[in-house]
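Have a look at the structure below before the remarks.
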Amino acid sequence: MSLDLTKISSYRKWFLYHLARQKSLVVGVLVGIIIVTFSRVIIPIVIGYIIDTTLVTRDLANLVLLLAVALAVFVTRNAMDYITMMIGHYLGLKTEQNMRQEFFDTLQYKPLRYHDKARTGDLQALATNDLRIINTMISHGAFYLYPFFQVIMAAFLLIVTLDLRLALICSPFIIFYMIFILDYRKKIAPWAAGRMVTHSNVAVVLQDSISGVAIVRSFTAEELEREKFHIAVIGFRDNRIGETKVQARFYPLLVLYLAIGVTFLMSCVFVFEGTLTIGALIAANLLLITLIDPTNMIFWATNDMMSGFAACSRLYTSLSLEEEEQQESALTWPDTFKGTIEFRDVTFAYGDDGTKNTPILKNLSFKIEPYQRVALVGPTGCGKTTLVKLLLRLYEPQEGTILLDGIDIRNYPLDQLRRHIGYIEQDIYLFSRTISDNIAFGRPSATHEAIMDAAKLAQVEEFALEFPEEYNTIVGERGTRLSGGEKQRVAIARAFLTDPEILILDDSVSAVDSETEEKITQAMENVIRNRTTLVITHRLHTIRTSDKIIVLKRGRNVAEGSHNELLQSSEDYRRIFGKHLILPELIVKN
């Protein structure tokens, strides 16, 4: 399971939580920053001291000693700078790895309503671009902290070791320096956040266009897709232009140059007055000059930091939109499970809370006995597939209860519930893996013999052996290398292999020819024996051979019984198969 985000109230705390997981690396970076910063500001002091105490007095012994000290400090600074940079990059990589793993794990447990609203391209951008930006922010975080540490240390050394007057002269410049840095951070933040959004928009349009390339070509909509992509790219460009305009007004460096110039002029005046030594003049100005490089760093480090915080906010918002599905339960799956299914006054509507939309199911009630084969029939949109999704707990009903063997399905562990219900969906989804891998998806530990047996039952062998690589053939994204009927047979084999105690077939043979359907039906006769089977179909033969038929209309159970019973008692059932049957004349009562 992933992190419980209900215990974390903001993206900043979420970010700090992940940093806290790498305490030793964070401490290493902070210690490195302090050492590097101190070694940077101490070198000008050493140089000033050398000038005043050894060059003027021509003390060669002390000169050599002090030069050795300065060299040691310089080497230490460069070594610690490199070490700090490497620790920072490793910290960024570790944090990115942990965040990406948490992001993926959290998505796995998000309810289906979350994925109904999410855009695939946006999620891909979050998992790649946004996390990479967070990594960059952490890796370069040291460069953002350097100037603040260095300004504080420089001001302290000016006061303590050099000249209080020069420190007072620099004070207004230091204040404006800090104000402009904070102002730059504030102004760049919305543009950095906008860059994340506009990048996601480009990713969404690109993903939709590539995934739907066949539809685009079929409807000659290339120009429309080109225009959509052009608008997304223009949005990204305009945001970058706005960001660049803010970057062009980076005033801290200008303030620093003014501080250096004014300090140099005033220190020269003090030297001519005899109240300041040459060494102190050089030390004070070199001290300010050491701030130039960190100030240049802060120009792009601030941009990285604001982009990183914007990415953190986007990731945290996405992860906390919906609570995860509850997996744990005190109840375990019973060894004596029979397969009774019961819906009691179930009402369900799609939407955030289900109350603002028209219910798909309205007070739906029915009961299926163990080992029964039950057909669900009704017009399109009556709620047949929705009913199945509720049974699998892909959605939760707003009202009513669903029972398995008399126990509320919410009391069963979610993973065990779904593992014991085999679902062959109408819209088949295959992964871009081999035929064998797709069959074994629900049971990765299955033996090769078990996979082959399931494939033979579902008539997969008939087409799989025609490929050069047979069962090791990659089916392509969403199974593009297979026909509709072939994909359905792979999905049927996938369900067969899991050996579920409840089997749901959602129009599962709609894309196969009559001969293949007959073979699969024969195979199913062996598979569905001694298990409860729910069939959603419009095939009259399948409906006729069911133990019970439930007729749905506008989300309600309007009739149930056998085929012959419903022909006599249900006008809705007769109308469903009107093209196959001769309907009796309706008697119109005056």
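Scan the stretch 102-114 and give yes if some residue there is under 27 Å from residue 28 (Cα atoms), at pLDDT 85 or above and not acidic (Asp, Glu), otherwise no.
no
Can you confirm whether residue 89 is surrounded by 15 or more Cβ atoms within 10 Å (Cβ to Cβ), assigned by TED's automatic domain parsing to the domain that holds residue 17 and at pLDDT 80 or above? Break it down stepwise before answering.
On the way: surrounded by 15 or more Cβ atoms within 10 Å (Cβ to Cβ): yes; assigned by TED's automatic domain parsing to the domain that holds residue 17: yes; at pLDDT 80 or above: yes.
In short, yes.
Mind telling me which of the residues 236, 270 ends up being touching a His at 6+ places or on another chain (Cβ under 7 Å), of a type in the set (Phe, Trp, Tyr) and part of a helix (DSSP H, G or I)?
Numbers: 270 fails: touching a His at 6+ places or on another chain (Cβ under 7 Å).
So the residue among 236, 270 that is touching a His at 6+ places or on another chain (Cβ under 7 Å), of a type in the set (Phe, Trp, Tyr) and part of a helix (DSSP H, G or I) is 236.
Report yes if residue 445 is surrounded by fewer than 19 Cβ atoms within 10 Å (Cβ to Cβ), over 24 Å from residue 392 (Cβ atoms), outside the structural domain of residue 373 (by TED's automatic domain parsing) and small (Gly, Ala, Ser), otherwise no. Let's see the steps before the verdict.
Details: surrounded by fewer than 19 Cβ atoms within 10 Å (Cβ to Cβ): yes; over 24 Å from residue 392 (Cβ atoms): no; outside the structural domain of residue 373 (by TED's automatic domain parsing): yes; small (Gly, Ala, Ser): yes.
No.
For the stretch 326-336, indicate whether the set of residues that are crowded, with 16+ Cβ neighbours inside 10 Å and either part of a helix (DSSP H, G or I) or modelled with pLDDT under 85 (or both) is non-empty.
No: the stretch 326-336 contains no residue that is crowded, with 16+ Cβ neighbours inside 10 Å and either part of a helix (DSSP H, G or I) or modelled with pLDDT under 85 (or both).
Would you confirm, using the coordinates I've provided, whether residue 473 is polar (S, T, N, Q), under 17 Å from residue 534 (Cα atoms), more than 26 Å from the chain's Cα centre (by Cα) and surrounded by fewer than 21 Cβ atoms within 10 Å (Cβ to Cβ)? Before you say what the answer is, go through the steps one by one.
Working: polar (S, T, N, Q): yes; under 17 Å from residue 534 (Cα atoms): no; more than 26 Å from the chain's Cα centre (by Cα): yes; surrounded by fewer than 21 Cβ atoms within 10 Å (Cβ to Cβ): yes.
The answer is no for residue 473.
If you take the residues of the stretch 365-383 that are part of a loop (DSSP other than H, G, I, E, B) and small (Gly, Ala, Ser), which of them is farthest from residue 546 (Cα to Cα)? Can you show your working first?
Applying the first criterion (part of a loop (DSSP other than H, G, I, E, B)) to the stretch 365-383 yields 369-372, 378-383.
Applying the additional criterion that residues be small (Gly, Ala, Ser) yields 378, 381, 383.
Working: 378: 15, 381: 22, 383: 20 Å.
Within the stretch 365-383, the match that is farthest from residue 546 (Cα to Cα) is 381.
Identify all residues within the stretch 480-495 that are of a type in the set (Gly, Ala, Ser) and surrounded by fewer than 22 Cβ atoms within 10 Å (Cβ to Cβ); write none if there are none. Before the answer, list the steps.
Within the stretch 480-495, the subset of a type in the set (Gly, Ala, Ser) is 483-485, 491, 493, 495.
Correct list: 483, 484, 485.
Among (1) under 33 Å from the mean Cα position of the chain (by Cα); (2) surrounded by fewer than 19 Cβ atoms within 10 Å (Cβ to Cβ), there is one condition residue 422 misses while meeting the rest; what is its number?
Of (1) under 33 Å from the mean Cα position of the chain (by Cα); (2) surrounded by fewer than 19 Cβ atoms within 10 Å (Cβ to Cβ), only one is false for residue 422: (2).
Go through the stretch 392-419 residue by residue and tally those that are crowded, with 18+ Cβ neighbours inside 10 Å and more than 27 Å from the chain's Cα centre (by Cα).
So the answer is 4.
All but one of (1) surrounded by fewer than 21 Cβ atoms within 10 Å (Cβ to Cβ); (2) in contact with a Gly (Cβ under 8 Å, 6 or more places away or on another chain); (3) in a helix (DSSP H, G or I) hold for residue 362; state the number of the condition that does not hold.
Here residue 362 meets the rest and fails (3).
I need a count of the residues in the stretch 3-17 that are at pLDDT 80 or above, among the polar types (S, T, N, Q) and over 15 Å from residue 314 (Cα atoms).
Restricting attention to the stretch 3-17, the residues satisfying the condition of being at pLDDT 80 or above are 10-17.
Now drop any that are not among the polar types (S, T, N, Q), which leaves 10.
Checking the rest, the ones that are also over 15 Å from residue 314 (Cα atoms) come to none.
The number of residues fulfilling the criteria is 0.
Please list, ordered by first then second residue, the pairs with beta carbon atoms under 6 Å, 6 or more apart or interchain, first in the stretch 291-316 and in contact (Cβ under 8 Å) with a residue 24 or more places away in the chain and in the same structural domain as residue 85 (by TED's automatic domain parsing), second assigned to a helix (DSSP H, G or I) and of a type in the set (Gly, Ala, Ser).
Every condition considered, the pairs that remain are 306/189; 306/192; 307/192; 310/192; 310/193.
I need the full set of residues from the stretch 192-234 which are under 23 Å from the mean Cα position of the chain (by Cα), farther than 16 Å from residue 307 by Cα and at pLDDT 75 or above, in order please. Lay out the reasoning, then the answer.
We begin by selecting, within the stretch 192-234, every residue under 23 Å from the mean Cα position of the chain (by Cα); these are 192-212, 229, 232-233.
Subsequent filtering for residues that are farther than 16 Å from residue 307 by Cα retains 201-212, 229, 232-233.
201, 202, 203, 204, 205, 206, 209, 229, 232, 233 - these are the residues of the stretch 192-234 that are under 23 Å from the mean Cα position of the chain (by Cα), farther than 16 Å from residue 307 by Cα and at pLDDT 75 or above.
Would a scan of the stretch 473-488 turn up a residue that is at pLDDT below 80, of a type in the set (S, T, N, Q) and not in a loop (DSSP other than H, G, I, E, B)?
Yes: the stretch 473-488 contains one or more residues that are at pLDDT below 80, of a type in the set (S, T, N, Q) and not in a loop (DSSP other than H, G, I, E, B).
The values are calculated or read from the model by the stated rules, or taken from the named source; none is laboratory data. Computed from a prediction, not measured in an experiment: that's the story for all the values here. Note that we place each Cβ from the backbone using ideal geometry, even for glycine, and neighbour counts take in every protein chain shown.
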